[in-house]
1. Going through region 175-197 one residue at a time, which ones are away from the ligand (no atom under 13 Å from the Cβ) and either hydrophobic (A, V, I, L, M, F, W, C) or closer than 23 Å to ALA122 by Cα (or both)?
2. Could you grab me the full set of residues in region 26-35 that are touching an Asp or Glu at 6+ places or on another chain (Cβ under 6 Å) and either within 19 Å of GLY326 (Cβ to Cβ) or not in a strand (DSSP E or B) (or both)?
3. Name the single residue, out of those in region 146-174 being touching a helix residue (DSSP H, G or I) at 6+ places or on another chain (Cβ under 8 Å) and away from the ligand (no atom under 16 Å from the Cβ), that is farthest from ILE132 (Cα to Cα).
4. Which of the residues spanning region 310-334 are in a loop (DSSP other than H, G, I, E, B) and either in contact (Cβ under 8 Å) with a residue 12 or more places away in the chain or more than 10 Å from the ligand (Cβ to nearest atom) (or both)?
5. Of all residues in region 210-224, which are out of contact with any helix residue (DSSP H, G or I) (no Cβ under 6 Å at 6 or more places or on another chain) and within 16 Å of the ligand (Cβ to nearest atom)?
6. Within region 122-131, which residues are over 8 Å from the mean Cα position of the chain (by Cα) and more than 10 Å from the ligand (Cβ to nearest atom)?
7. For ARG23, indicate whether it is assigned to a strand (DSSP E or B) and either surrounded by fewer than 24 Cβ atoms within 10 Å (Cβ to Cβ) or at pLDDT below 95 (or both).
8. Residue by residue through region 225-262, note down the ones that are among the small types (Gly, Ala, Ser), in contact with a strand residue (DSSP E or B) (Cβ under 8 Å, 6 or more places away or on another chain) and within 14 Å of the ligand (Cβ to nearest atom).
Amino acid sequence: MRAIQSVALGRAELVDVPEPELRSDSILVTPRYVANNPADWIGTDLEYLFAKDQNLGCDYTGVVERIGSDAKTTLKPGDKVCGIVAAGEGGDKTRGCFAERFPAYDDFCFPLPQNISEPEAATLGVGISTMITSFYIDLGFPLPNKGATLGRGRPFFVYGGSTASGLYAIQFAKLSGFRVVTTCSPRNFDLVKSRGADEVFDYHDFQKCEQEIKASVGDDLQYAYVCVMGDDPPKLCAEVLSTKGGKYITIVATPCPRNDVESKMTYGQSIMADTYKSTTGVEQRNSARRELGLKAWRMSLGLVEQGKILPPPHELREGLEGALKGIDDLRRGSISGKKIVSKLV
Ligand SMILES: NC(=O)c1ccc[n+]([C@@H]2O[C@H](COP(=O)([O-])OP(=O)(O)OC[C@H]3O[C@@H](n4cnc5c(N)ncnc54)[C@H](OP(=O)(O)O)[C@@H]3O)[C@@H](O)[C@H]2O)c1
């Protein structure tokens with residue numbers, strides 16, 4: 001069969017590989033739609049993450065082919081599913097969904113939501129997992145399904161509202177009752193507003209952006225959420241967070257330069273991977289995180305089915321070739337305000 005693998009540092013290719021074995025604790029899935037994430041190229045290009053001949057790809061929909069003898073699931077062969085795999089975790093090189101078949105987790109593999117299209121369902125995996133880790137584990141927010149009272153209309157700042165992660169972060173912050181202020185390019189202002197952003201500012205002029213955000217939030221901003229790499233995002237957050245301190249979450253491993261601000265780095269895959277690599281080393285699976293992660297995933301799928309969480313826009317491509325090109329497009333930074341989804345069958 002064929003799969004996209006990282007064949008050398010900085011190079012992913014479509015190659016012929018043996019069929020994966022069915023692990024007893026896994027579900028063998030034939031993927032139907034897969035979505036690209038920056039993790040596809042970051043895992044190929046960064047030396048500390050690179051593993052030779054590793055299957056790539058985290059986000060999928062597909063059909064259940066076979067179920068491992070120890071798998072804990074109510075799914076059956078033939079069921080249509082969506083989910084996430086942390087490509088390469090635990091040293092299993094077949095764990096990656098840019099392939100004709102792959103071993104999915106027995107728990108982070110869910111029936112397809114009914115109210116969104118299958119390509120849209122292929123975009124949920126990394127996005128939802130990252131939000132769960134950020135909001136309900138790292139920030140410790142209560143799950144919002146019983147009513148959103150935490151925010152009480154206070155401001156929550158998302159740097160990079162038009163990233164796939166930012167579009168989800170806006171919606172999860174709104175579900176917790178915050179007033180969301182965000183940044184992106186003007187071409188994406190309508191998009192971020194469609195996901196609930198209350199105010200949006202262009203980040204290209206740093207000083208103007210800082211002044212506009214300060215005029216909006218005063219000295220009341222206690223939460224900043226960073227979805228974009230580089231020096232400007234932490235610098236801007238440090239300027240606009242309240243002088244009384246606050247909390248700063250980054251999904252791109254750039255800490256906040258202020259000592260009076262609580263700074264956390266989120267790793268979405270930390271809810272489901274057996275081991276995962278963070279900037280502080282290799283960390284082990286934690287069963288309490290996994291349980292909370294699963295509970296929050298089920299809640300999130302319920303919110304998707306109620307139309308309260310909308311997936312990002314997507315561009316549809318064909319085959320594993322489409323996903324391979326998606327890796328390059330994300331590496332070059334040429335994708336704005338949408339996911340790349342590829343149809344495999
Ligand atoms: N820690 C985790 O678990 C985790 C999970 C998911 C993603 N990530 C990381 O988070 C980042 C975002 O991933 P994603 O998939 O959400 O992104 P994405 O959808 O690929 O991001 C594309 C967007 O990035 C924005 N952008 C690009 N360069 C920018 C800059 N210099 N300043 C401000 N905005 C810029 C563009 O906004 P405009 O076109 O509007 O300017 C564009 O819409 C990546 O670095 C990814 O590796 C981490």
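The values are calculated or read from the model by the stated rules, or taken from the named source; none is laboratory data. Just so we're clear, the structure is a prediction, and the values are computed from it rather than from any experiment. So basically every Cβ, Gly included, is an ideal-geometry build from the backbone, and we count neighbours across all protein chains shown.
1. Correct list: LEU175, PHE178, VAL180, VAL181, SER194, GLY196.
2. If the condition is that a residue be touching an Asp or Glu at 6+ places or on another chain (Cβ under 6 Å) and either within 19 Å of GLY326 (Cβ to Cβ) or not in a strand (DSSP E or B) (or both), then TYR33, ALA35 are the ones that fit.
3. PRO155
4. LEU310, PRO311, PRO312, PRO313, ARG332, listed by residue number.
5. GLU212, the sole residue that qualifies.
6. ALA122
7. no
8. Within region 225-262, just ALA253 meets the criteria.
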